[in-house]
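What follows is calculated from the coordinates using simple rules that are stated; it is not laboratory data. Keep in mind that what you see is a predicted model, and the values were worked out from it rather than measured. Neighbour counts run over all protein chains shown; Cβ positions are idealised from the backbone, glycine included.
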Amino acid sequence: MLSTAQMLEKYYLVDKLPNIWCAGCGDGAIAAALVRAVDELGIDKNSLTQVNGIGCSGRVGAYQDFDVIKGTHGRALAFATGIKLFKPELTVVAIMGDGDCGAIGGNHFIHAARRNIDLTALVINNRIYGMTGGQSSPTTPFGDRASTALTGSVERPFDLCQLAIGAGATYVARGTVYHIKQLQRLLKNAIAHKGFSFVEVVSQCPIYYGRYNDEASPAAMLRWQKESAVSVTAAQGLSPEELQGKIVIGEFVAKDEPEFVSEYQALIDRYGQEAAE
Amino acid sequence: MTTPRLLQGNEALVEGALAAGVRFFAGYPITPATEILELMARKLPRLGGKFIQMEDELGSMGAVIGASVAGAKAMTASSGPGISLKQENIGFAIIAEIPCVVVNVMRGGPSTGMPTLPSQMDVMQAKWGAHGDHPAIALAPWSVEECFTTAVRAVNLAERFRTPVTLLSDAEIAHMREVYAPPESVETIDRPRPNCPREEYVPYRPDERGIPAMADFGSGYRWHPDSNCHDEYGFPATNNHAVGDKLVRRLVGKVNDYAEEIHWLSEERLEDAEIVVFAFGSVARSASEAVDVARSQGIKAGLLRPISIWPFPDPAVAKVAARAKAILVAEGNLGQLLGEVQRVAAGRCPVAHFSRVDGLIPRPEQILARIKELA
Ligand SMILES: Cc1ncc(C[n+]2csc(CCOP(=O)(O)OP(=O)(O)O)c2C)c(N)n1
Ligand code: SF4
């Protein structure tokens, strides 16, 4: 595995550091896990393209030495779709927040999954809107507090992995910042998978989610990730009641289905052949 | 020349765009722009290009931007509600300097309005639809032939200036059929691409005309297009007053300082005209006929027809205002270009107005009656 020094040297725009993230935020560790996954896959830096959304999570690419387009809030997967369809030889990874992907970008999310376009969607789920100061998000658990839900959210949250599965994603996995080695492995598998890959990382926002929910220390939040995690296999033996408050981690889906960009290329080839005959 | 064919406006527009090198289209169905979507779906894969029907217009505009950074000449087309949805990403394309073409086949009214009827109500939206200070380039055809030629020009201007270009058509122009023989080939312009050593590439460092060189994603020239105000490296500089000031001024200046390169007007009988009608697109067709009839009745009328609407053709209007007895602005909205003509005329001659907003193009007699009142 790349040492931190090697990683910074090879993949980071060191002159752009320090980053904007608060101390104890999960975003930096996730960014590093992504880079290490890319490195282990041996992908050339020139052929990896990142698309970022808007939010604290949307700053991952700003410090990294890839082509990175930081689009508008919620539209990362639409930008990514245009890049991948026009230039299939690029490996495209879109990084979004839970609000970015699950609220404003929800439509692009389910349709990218439905098309099974060969992209990796990485969602950093801190269960709150970080950049705008701690408003509730579609993944804020029922009863948890946020600046727009001071006495506890009265909305039901999304399970983003189940949403991805329902929409047809062909690779779906969840990790946490605490289980960082596993996350790196999941990201590797997701990027290598041909089709729409969805990886949700449960992360910590000590500054807003933590403060609003009496859990402000990053260490306590990481401990919570460690103690609440159950593997996909272990979860199969648990009842819905027993799964309450748990984070199910690991791979939910990994399957082969027709992939959109290849299908489109086949169409082009067919027309080309017809024209030649 | 190819052999003359009966072509529909939207069809000629697609042919022009493809001739100019468009190889990516993303859209969402909406009348009266749907034929563009359907023709692109049919033609692009046969040319090795890419088409996608997205889940909505926000996504269509996003996909167009993605394809453009990957090196494509890219286009989308829509009408009223869809154009409104595209605005945020059009703003992105402006600040990140991503060339692309947005066709607006205009319909009347706010919201879904009058879907199948012509209108010219989106003239100001084409200039100010996206928030923030920014430049705008918009062209407007009046015939099937011009659907082809303005499409070519729109693609070329987008590449030349690295900014979105709007094509303003309407149901009348889009659906009319005329005989036209598109040229075998057209002159094309490609965005400036870097040719310096990769490590010397500064993605937002402008050339002497204010335009930075644009690398294709994946070419090894690294860059970070960003929605925020950014420095020459594309790195966000949202609290840096000097950087923000410089960027906004350059974005506007790179177009407005070269406006005469964009200005494209057609003049009919202007040499000695006393009453000058100022009209574009479908309305100008009636205005042209009204001018002919007025001339046959001894009235010295003429037509100034902007084919490029934005940047506004100030010099041409100023020239006319200096010697005409009156200018009559005829348009399919309640005065969006009237204000522009008044601003440029600056009291040098009276500026009268004719508008029709009921989903019909004015009849020549209606414009003629106004010409006679002014003569
Ligand atoms: C169209 C639009 N609406 C609202 C915003 C303001 N905004 C910026 S980031 C953000 C939410 C961030 O939350 P999330 O996506 O969960 O990412 P995080 O900051 O937690 O990483 C919002 C609402 C915006 N930039 N654009
Ligand atoms: S506000 Fe929260 S998500 Fe944003 S950088 Fe700080 S800790 Fe991280």
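Shape verdict for region A:131-231, please, from the Cα gyration tensor: rounded (a/c under 1.5), prolate (a/b greater than b/c) or oblate.
Because a/c hits 1.5 or more and a/b fails to exceed b/c, region A:131-231 counts as oblate.
Residue farthest toward the positive end of the dipole of the protein assembly as shown, with Cβ of Lys/Arg at +1 and Asp/Glu at -1: which of B:His175, A:Leu17, B:Leu303?
Farthest along the dipole direction, towards plus: A:Leu17.
By its C-alpha gyration tensor, with a ≥ b ≥ c as the square roots of the eigenvalues, how is chain A shaped: rounded for a/c under 1.5, else prolate for a/b larger than b/c, else oblate? Could the numbers behind the result be given before it?
Numbers: a/c = 1.75, a/b = 1.41, b/c = 1.24.
It is prolate, given that a/c is not under 1.5 and a/b is the larger ratio.
With axes computed from alpha carbons, what is the tilt in degrees of helix B:281-296 against the longest principal axis of chain B, rounded to the nearest 10 within 0 to 90?
30 degrees
In whole angstrom, note down how far apart the Cα centers of region B:190-238 and region A:235-255 are.
Distance between centres, Cα-based: 46 Å.
Under a 5 Å amide H to amide H cut-off, with H placed in plane at 1.01 Å, what residues pair with B:Thr166 once short-range neighbours are removed?
Under 5 Å from the amide H of B:Thr166: B:Val102, B:Ile137, B:Ala138, B:Leu139.
Given DSSP loops and a limit of at most 13 other Cβ atoms within 10 Å, what is the longest stretch of chain B that contains no such GluC sites (Glu not before Pro)? Walk me through the numbers on the way to the answer.
Working: sites that count: B:Glu184, B:Glu187, B:Glu208, B:Glu271.
The longest such stretch corresponds to B:1-183.
Compute the acute angle (0 to 90°) between the alpha-carbon long axis of helix A:27-41 and the principal axis of greatest extent of the alpha-carbon atoms of chain A; round to the nearest 10°.
The two axes meet at around 30 degrees.
How far apart, in nm, are two points set 7 Å out from the Cα along the Cα-to-Cβ line at A:Phe142 and at B:Arg198?
5.3 nm
Just to check I understand the Karplus step: with θ = phi - 60° and J = 6.51 cos²θ - 1.76 cosθ + 1.60, what whole-Hz values come out for region B:72-85, glycine and proline as x?
7, 7, 10, 9, 9, 9, 6, 8, x, x, x, 5, 4, 5
Taking H as built 1.01 Å from N, whose amide H comes closer than 5 Å to the amide H of B:Val277, not counting residues under 5 places away?
HN-HN under 5 Å from B:Val277: B:Gly302, B:Leu303, B:Leu304, B:Leu328.
List every residue whose amide H lies under 5 Å from the amide H of A:Gly26, counting only residues 5 or more places away in sequence or on a different chain, with H placed 1.01 Å from N in the peptide plane.
Placed amide hydrogens put A:Gln204 under 5 Å from A:Gly26.
One quarter of the convex hull surface, Cα atoms only: what value does that give for chain B in nm²? Please report the intermediate quantities before stating the final value.
On the way: hull surface 76.1 nm².
Over every viewing direction, the Cα hull of chain B projects on average to 19.0 nm².
Roughly what % of DSSP beta bridges within chain B run antiparallel, to the nearest 5? Provide the component values of the computation, followed by the final result.
On the way: 13 of 46 bridges.
Percentage antiparallel, nearest 5: 30.
Looking only at the protein assembly as shown, where both bridge partners belong to it, what percent of the DSSP beta bridges are antiparallel (to the nearest 5)? Walk me through the numbers on the way to the answer.
Working: 20 of 83 bridges.
Here the share of antiparallel DSSP bridges comes out near 25 percent.
Between B:Glu365 and A:Ser47, how high is the FRET efficiency from 1/(1 + (r/R0)^6) when r is the Cβ-Cβ distance and R₀ = 51 Å? Nearest 0.05. Don't skip to the end; give the middle numbers.
Details: r = 64 Å, r/R0 = 1.25.
Approximately 0.20, to the nearest 0.05.
Which value in nm describes the separation of the simple spin-label points at A:Leu238 and A:Val14, placed 7 Å from the Cα toward the beta carbon?
4.3 nm
Please go through the residue pairs A:Lys16/A:Lys87; A:Lys45/B:Lys43; A:Lys70/B:Lys73; A:Lys188/B:Lys73; B:Lys127/B:Lys254 and name each one whose alpha carbons sit more than 24 Å apart in this structure. Don't skip to the answer; put the middle values down first.
Details: A:Lys16/A:Lys87 28 Å; A:Lys45/B:Lys43 34 Å; A:Lys70/B:Lys73 20 Å; A:Lys188/B:Lys73 33 Å; B:Lys127/B:Lys254 16 Å.
With Cα atoms farther than 24 Å apart: A:Lys16/A:Lys87; A:Lys45/B:Lys43; A:Lys188/B:Lys73.
So which lysines can A:Lys181 reach, going by Cα to Cα under 17 Å and dropping same-chain residues fewer than 8 places off?
The reachable lysines, counting only those whose Cα sits under 17 Å from A:Lys181, are A:Lys226.
Per residue of region A:248-257, what does 6.51 cos²θ - 1.76 cosθ + 1.60 with θ = phi - 60° give for ³J(HN,Hα)? Whole Hz please, x for Gly and Pro, Karplus curve as stated.
Result, rounded to whole Hz: 7, 10, x, 8, 8, 9, 8, 9, 9, 9.
Hey, fewest Cβ within 10 Å first, where do A:Trp21, B:Trp142 land in order? Numbers along the way, then the final one.
Details: A:Trp21 20, B:Trp142 25.
Ranking A:Trp21, B:Trp142 by Cβ neighbours within 10 Å, fewest first, gives A:Trp21, B:Trp142.
State whether the protein assembly as shown is rounded, prolate or oblate according to the following rule on the C-alpha gyration tensor (a ≥ b ≥ c being the square roots of its eigenvalues): a/c under 1.5 gives rounded; otherwise a/b larger than b/c gives prolate, and the remaining case gives oblate. Please report the intermediate quantities before stating the final value.
Working: a/c = 2.17, a/b = 2.03, b/c = 1.07.
The shape class here is prolate.
Just flag the GluC sites (Glu not before Pro) in region A:1-92 sitting in loop per DSSP whose Cβ has no more than 11 other Cβ atoms within 10 Å. Please list the in-between numbers first.
On the way: sites: A:Glu9, A:Glu40, A:Glu89; in loops: A:Glu89.
Loop-located and lightly packed - A:Glu89.
Can you tell me what share of the DSSP beta bridges in region B:239-375 is antiparallel? A percent to the nearest 5 is fine.
Numbers: 4 of 17 bridges.
If we restrict to bridges inside region B:239-375, about 25 percent are antiparallel.
Read phi for every residue in region B:243-250 and hand back ³J(HN,Hα) as whole Hz from Karplus 6.51 cos²θ - 1.76 cosθ + 1.60, θ = phi - 60°, with x for Gly and Pro.
Couplings: 5, x, 4, 5, 5, 4, 5, 5 Hz.
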